[in-house]
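Please treat every number below as a calculation from the coordinates, not as lab data. Please read all numbers here as calculations on a predicted model, not as lab measurements. Methodologically, a virtual Cβ is constructed for each residue, glycine included, from the backbone with ideal geometry; neighbour enumeration extends over all protein chains shown.
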Amino acid sequence: MAAAKLVVLGSINVDHILNVQQFPQPGETVRGDSYQVAFGGKGANQAVAAGRSGADITFIACVGDDDVGVSIKKQLQKDTIKIDCIDSVAGETTGVALIYVNGQGENIIGINAGANGHLSTERLAAYQQKIIDADALLMQLESPIETVQMAAEIARKHQTQVILNPAPAQALPDSLLSLVDVITPNETEAEHLTGIAVNDEEGAQKAAQALHQKGINKVMITLGARGVWYSESGKQGKIIPGFKVKAVDTIAAGDTFNGAYVTALLEGQSDEDAIVFAHAAAAIAVTRPGAQPSVPWRNEIDQFLL
Ligand code: ADP
């Protein structure tokens with residue numbers, strides 16, 4: 001049997017990370033302790049997590065016509081991702097995140113969407129057959145919202161499952177939510193979508209209920225180290241705990257969870273088993289620094305679960 005097909009639609013960024021003792025004040029220059037360039041962007045992180053955990057994956061995205069765009073595409077190929085739907089946008093730069101991390105581990109981030117802002121409905125139209133032929137479509141919210149909406153409409157019309165990771169946090173129209181099969185907000189994102197604070201299990205249950213009422217079948221609210229709230233429409237939900245590990249950096253924890261969950265789902269695993277698989281992948285990722293460098297390969301996840 002051919003492997004189930006996944007399409008990821010989303011962003012590609014290059015992260016420039018400067019570690020400083022204290023953030024600079026306006027007009028001030030501070031010396032960095034260390035500097036790292038790493039590939040990131042929620043779309044790319046989730047595509048890499050799906051690719052390394054074993055999915056057959058096509059990525060719809062845009063890079064700039066700069067050197068880093070070329071490097072990123074090469075790296076994505078090494079991560080087993082098909083890159084024929086990644087456009088290089090003439091005269092534009094690849095998306096950038098400028099990240100300061102201070103001595104307390106807090107961060108300040110500025111983002112330039114660059115080429116990500118060019119993932120238009122016209123560009124998507126050229127690749128819509130990929131979504132029609134796929135078994136699942138995984139998206140986030142770092143791409144133009146009209147493109148996300150159009151992709152969800154194509155998927156729904158052709159029985160391709162829609163998994164939406166609604167990050168970064170924002171409210172969304174019912175027209176989009178009603179097309180989503182599985183939604184995976186963290187606590188903050190769930191509150192933005194529903195207006196209900198998710199501070200405890202009761203809050204998670206209420207927020208999930210509100211999302212089910214919008215027509216979404218499965219709700220997974222990720223709760224950091226505590227795991228995930230999982231509920232299916234019309235059924236009792238529960239928290240599925242994660243794994244206890246020594247976390248050093250939770251960047252891309254949610255992205256790794258999403259990519260690995262979809263891989264397991266497409267392999268035919270039950271939701272509960274797919275969530276445990278995704279918890280394992282994300283637990284490994286938080287024990288390592290950086291976004292994509294921290295994302296585990298399949299053999300590491302299988303080993304972790306033994
Ligand atoms: P986001 O990064 O989107 O805010 P979360 O912080 O909710 O997402 O984390 C997503 C998933 O990553 C969790 O459901 C869990 O599987 C894993 N995770 C996050 N933080 C930890 C941690 N400290 N220890 C173990 N697993 C973690």
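Divide, for the range 1-83, the radius of gyration over alpha carbons by 2.2 N^0.38 Å, where N is the residue count.
The value comes to 1.40.
About the Cα centre, and with charges only on the beta carbon of Lys, Arg (+1) and Asp, Glu (-1), how big is the dipole of the chain? Nearest 20 debye, please.
Rounded to the nearest 20 debye, it is 420 debye.
Of all DSSP beta bridges located in the range 116-240, what percent are antiparallel, nearest 5?
Just about 45 percent of them are antiparallel.
Can you tell me the Rg and the Dmax, both Å, for the Cα atoms in the range 92-200?
15.9, 49
Once phi is turned into ³J(HN,Hα) by the Karplus curve 6.51 cos²θ - 1.76 cosθ + 1.60 with θ = phi - 60°, what whole-Hz value does each residue of the range 149-160 show in order, with x for glycine and proline?
4, 5, 4, 5, 5, 4, 4, 4, 5, 10, 6, 8
Among P185, G259, P293, flag the residue with its Cα farthest along the positive direction of the charge dipole of the range 167-296, charges on Cβ as +1 for Lys/Arg and -1 for Asp/Glu.
P293
Restricting things to alpha carbons, tell me how big the range 158-222 is in terms of Rg and Dmax, in Å.
According to the Cα coordinates of the range 158-222, Rg and Dmax are 10.8, 37 Å.
Dipole size in debye (nearest 20) for the range 165-242 around its Cα centre, Lys and Arg Cβ +1, Asp and Glu Cβ -1?
That gives the range 165-242 a dipole magnitude of about 180 debye.
What ³J(HN,Hα) values, in whole Hz, does the Karplus curve 6.51 cos²θ - 1.76 cosθ + 1.60 give for the range 185-199 when θ = phi - 60°, with x put for Gly and Pro?
These are the phi-based 3J(HN,Hα) values: x, 8, 4, 5, 5, 4, 5, 4, 6, 10, x, 9, 6, 10, 9 Hz.
Rank T250, A225, G203 by how far each Cα sits towards the positive end of the charge dipole of the range 176-283 (+1 on Lys, Arg Cβ; -1 on Asp, Glu Cβ) and give me just the farthest.
Going by the Cα projections, it comes out as G203.
Check which residues have an amide H placed less than 5 Å from V89's amide H, if you skip close sequence neighbours.
V63, G64, D65
Past the 24 Å Cα-Cα mark, which pairs from K73/K130; K5/K246; K214/K235; K130/K157; K5/K78; K74/K130?
Distance filter (> 24 Å) returns K5/K246.
Over the chain, calculate the relative contact order: mean separation of alpha carbon pairs under 8 Å at least 6 apart, over the residue count, as a percent.
RCO, the chain: 17 percent.
Over the Cα atoms, compute the radius of gyration (one decimal) and Dmax (the largest Cα-Cα distance, rounded to a whole number) for the range 214-267, in Å.
Values for the range 214-267 (Cα only, Rg and Dmax): 12.6, 38 Å.
Amide H of V228: which non-local residues (sequence gap of 5 or more, or other chain) have their own amide H closer than 5 Å, using H built in the peptide plane?
Placed amide hydrogens put L223, I240, G242 under 5 Å from V228.
Distance between the C-alpha centers of the range 193-252 and the range 44-73? Whole Å please.
Centre-to-centre (Cα) distance: 27 Å.
HN-Hα J couplings of the range 105-119 from phi, Karplus 6.51/-1.76/1.60, θ = phi - 60°, integer Hz, Gly and Pro as x?
With coefficients 6.51, -1.76 and 1.60, one gets x, 7, 10, 10, 10, x, 10, 10, 4, x, 4, 4, x, 9, 7 Hz.
Where the eigenvalues come from the Cα gyration tensor of the range 135-180, what are the semi-axes √(5λ) of the equivalent ellipsoid, largest first, in whole Å?
Ellipsoid half-lengths, sorted descending, are 17, 11, 9 Å.
Give me the Kirkwood hydrodynamic radius of the range 134-281, using the inverse of the mean 1/r over all pairs of distinct Cα atoms, in Å to one decimal.
15.2
Work out the length of the dipole vector of the range 148-306 about its Cα centre, built from +1 on the beta-carbon of each Lys and Arg and -1 on the beta-carbon of each Asp and Glu, and round it to the nearest 20 debye.
Dipole magnitude for the range 148-306 comes out near 60 debye.
From the residues I145, I83, A281, which one has its Cα farthest along the dipole of the chain in the positive direction, the dipole being from +1 and -1 charges on Cβ of Lys/Arg and Asp/Glu about the Cα centre?
A281
So what's the chain giving for Rg/Rh, alpha carbon basis, Kirkwood Rh from the mean inverse pair distance?
On the Cα set of the chain, Rg over Rh gives 0.95.
Compute the signed sum of charges (Lys and Arg +1, Asp and Glu -1) over the other residues within less than 14 Å, Cβ to Cβ, of G195.
Summing Lys and Arg as +1 and Asp and Glu as -1 gives -2.
Regarding the range 25-140, what are the three Cα extents along the principal axes, ordered largest first, in Å?
52, 33, 23
Amide H of F39: which non-local residues (sequence gap of 5 or more, or other chain) have their own amide H closer than 5 Å, using H built in the peptide plane?
D15, Q292
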